[in-house]
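Chemist: Mind having a look at this structure? Questions to follow.
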Amino acid sequence: SAAMWRFLGPLLCLWALRLPLGGGSGARGLDVASYRERVRAMFYHAYEHYLESAFPYDELRPLTCDGQDTWGSFSLTLIDALDTLLILGNVSEFQRVVNVLQEGVDFDIDVNASVFETNIRVVGGLLSAHLLSRKAGIEVEAGWPCSGPLLRMAEEAARKLLPAFQTPTGMPYGTVNLLHGVNPGETPVTCTAGIGTFIVEFATLSHLTGDPVFEDVARKALKALWKNRSDIGLVGNHIDVITAKWVAQDAGIGAGVDSYFEYLVKGAILLQDKEMMSMFLEYNKAIKNYTKFDDWYLWVQMYKGTVSMPVFQSLEAYWPGLQSLIGDVDNAMRTFLNYYTVWKQFGGLPEFYNIPQGYTVDKREGYPLRPELIESAMYLYRATRDPTLLELGRDAVESIEKISKVDCGFATIKDLRDHRLDNRMESFFLAETIKYLYLLFDPDNFIHNDGSDFDVVVTPYGECVLNAGGYIFNTEAHPIDPAALHCCRKRKEEQWEVEDLMREFYSQKKTKKFTLKNAPDHGERENAKDSEDASSEKAGEKRNSKKSSHSLLSCPSQSFNSKLAVLGQVFLDNT
């Protein structure tokens, strides 16, 4: 349909370009294969030291060669690194880690966990690995991708987060206890990204499991933020999820807000959702009107639009990649080049950069090996093939190896001015930074599939196509195959089509006309869109037009599944 192409078009443009990539003139002499192998070596230096020194803790402490729990005691780095293993081609280790996680990870623990971080890292990582399991040579169970051990783990983790959404506004608390739910004294103040960064993972879960609750709560949270935007079309940084009053009223595209905008675009592409895309496009107008100056984006007061902080934050560097997804490549490149000048000034992106002064902000001089600028380079390179983007990848490899590499891994850079290090290696280094670097230098990776190669999988609901490309990365760089969302759906209109076939069968038998009464809706998907398929409307018209006082079977009113079983028995008996 026209709507589908409107949303898929920009994405396909990014992935469809498959020009040859190698050393020489195309990349100004850059030896791409050599840098790809250096990135691979960086991954294993970090990963192997995590296994040796830190597992089963969440993260590696690379200066002391030990581990620590940070986000909830899930062996987080292992979950976050899992799909990176497959992207690097390591099938055997992927299979081993899947077994380790199934045996060792327990979500039924008395731990206060970040709802946001648990979703993007744990739920997102498990969903991605689940959908890639067959590609990794794992013998999947009957019913995959609609069932499987990693999917059950992702669902269990997500269910632990659902109590956070039980607020008057539908906007979730920021923290939940995995055993007891929301603590009685929990603060109701949550950042905007912590409210609007669930639709990718939760909609995927709902489509795979058939339980609409996850997508429903994610949509409600998105719409609550939209409803509470200011008169000039901006959202602030932190909001009270009980009263819907904005506590921090700074509006921008960076920390505390960033992935809300990202998920409106990615959710729109993943779900072919016009409403989400139109929300983002309205925000985009307001962002350009009030926060954009000379291809930089500042922070402004959300009600007045007056500048509150003339600061660039490293987390904002995802924005050019997001712009490329909606086809705004020229603006994306101009902003990217601004950010790249900061990288070249320091050998990394400081957390905060004062734009007028052209220097770091006090106590915000660090670079924890974040992926956002590399992420944008990867997206933009797929769209433009501009060799400048490969040069950013080269600079990132050189900087991180020179400044951050230590005997036990890669350490957070505490201060880019003097290269002091901090005793931490965040799990996103293996999940995102390494992954985007590798994909920048690996044009033939299966992730970049243009649709020319795909798998046909038989599910309980028919055949479906998987691994055809167009992957949607969640905000932790876990790729979700959008085609998988169409593998496990049992829609109302499909059920009514079965009834229509039965009518046709009996009419050919020249029996009396009959209709099956429209049974009550016993937990069927309420959020199946009326517009998704015209056949549902036609089926409804048939149901309404064929009123009859006679029924072939004198059975009490039952749910549709029960009636089908009764009629099925009739067929089997040849009566």
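The values are calculated or read from the model by the stated rules, or taken from the named source; none is laboratory data. Here the structure is a predicted model, which means the values were calculated and not measured. Neighbour counts are summed over all protein chains in view; Cβ atoms, including those assigned to glycine, are modelled from backbone coordinates with ideal geometry. These accessible areas exclude ligands, DNA and RNA; they are computed on the full protein's heavy atoms, side chains included. Shrake-Rupley method; radii C 1.70, N 1.55, O 1.52, S 1.80 Å.
Chemist: On a 28 Å Cα-Cα criterion, which of the cross-link pairs Lys135/Lys402; Lys274/Lys344; Lys274/Lys435; Lys402/Lys435 come out too long?
Modeler: In this structure, Lys135/Lys402; Lys274/Lys344; Lys274/Lys435 exceed 28 Å between Cα atoms.
Chemist: So, one more: So who's got an amide H within less than 5 Å of the one on Arg61, skipping anything under 5 residues away but keeping other chains? H placed 1.01 Å off N, in plane.
Modeler: Asp66, Gly67, Gln68
Chemist: Mind ranking 137-146, 251-260 by how tightly packed they are, going by the mean number of other C-beta atoms within 10 angstrom, highest first?
Modeler: Result, highest mean first: 251-260, 137-146.
Chemist: Using per-residue counts of other Cβ atoms within 10 Å, averaged over each peptide, order 203-214, 233-244 from highest down.
Modeler: Ranking, from highest mean packing down: 203-214, 233-244.
Chemist: Considering only protein heavy atoms, with the full assembly of protein chains and a 1.4 angstrom probe, order Trp226, Trp246 by accessible area, largest first.
Modeler: Ranked from most to least accessible, the order is Trp226, Trp246.
Chemist: Okay, moving on. List the residues, sorted by chain then number, that are 5 or more residues from Phe473 or on another chain and whose placed amide H is less than 5 Å from its amide H.
Modeler: Those qualifying (amide H under 5 Å, at least 5 residues apart or on another chain) are Ile480.
Chemist: Now for a separate question. Please give the per residue accessible area of segment 60-182, computed with a probe of 1.4 Å over protein heavy atoms only, in Å².
Modeler: About 34 Å² of surface per residue is accessible.
Chemist: For segment 415-488, what is the charge dipole size about the Cα centre, in debye to the nearest 20, if Lys and Arg each add +1 at the Cβ and Asp and Glu each add -1 at the Cβ?
Modeler: Details: 4 positive and 13 negative charges, 46 e Å.
So the dipole magnitude of segment 415-488 works out to roughly 220 debye.
Chemist: Beyond 29 Å between alpha-carbons counts as too far, so tell me which of Lys160/Lys227; Lys220/Lys414; Lys245/Lys285 fall in that bin.
Modeler: Cα-Cα > 29 Å for Lys220/Lys414; rest within.
Chemist: While we're looking at this one, here's another question. Using the heavy atoms of the protein chains and a 1.4 angstrom probe, tell me the accessible area per residue for segment 310-390 in square angstrom.
Modeler: 29
Chemist: Ranked highest first by the average count of other Cβ atoms within 10 Å around their residues, in what order do 434-441, 188-195, 104-111, 152-159 fall?
Modeler: 434-441, 188-195, 152-159, 104-111
Chemist: I would also like to ask the following. Using a 1.4 Å probe on the protein heavy atoms, what percent of the accessible area of segment 81-214 belongs to carbon and sulfur?
Modeler: 48
Chemist: Then there's this: Whenever you get a sec, compute what percent of the accessible area on segment 230-284 sits on carbon and sulfur atoms (1.4 Å probe).
Modeler: Here carbon and sulfur together make up 50 percent of the probe-accessible area.
Chemist: For segment 408-474, report the accessible area per residue in Å² (1.4 Å probe, heavy atoms, rounded to an integer).
Modeler: Details: 2230 Å² over 67 residues.
Per-residue accessible area for segment 408-474 comes out at 33 Å².
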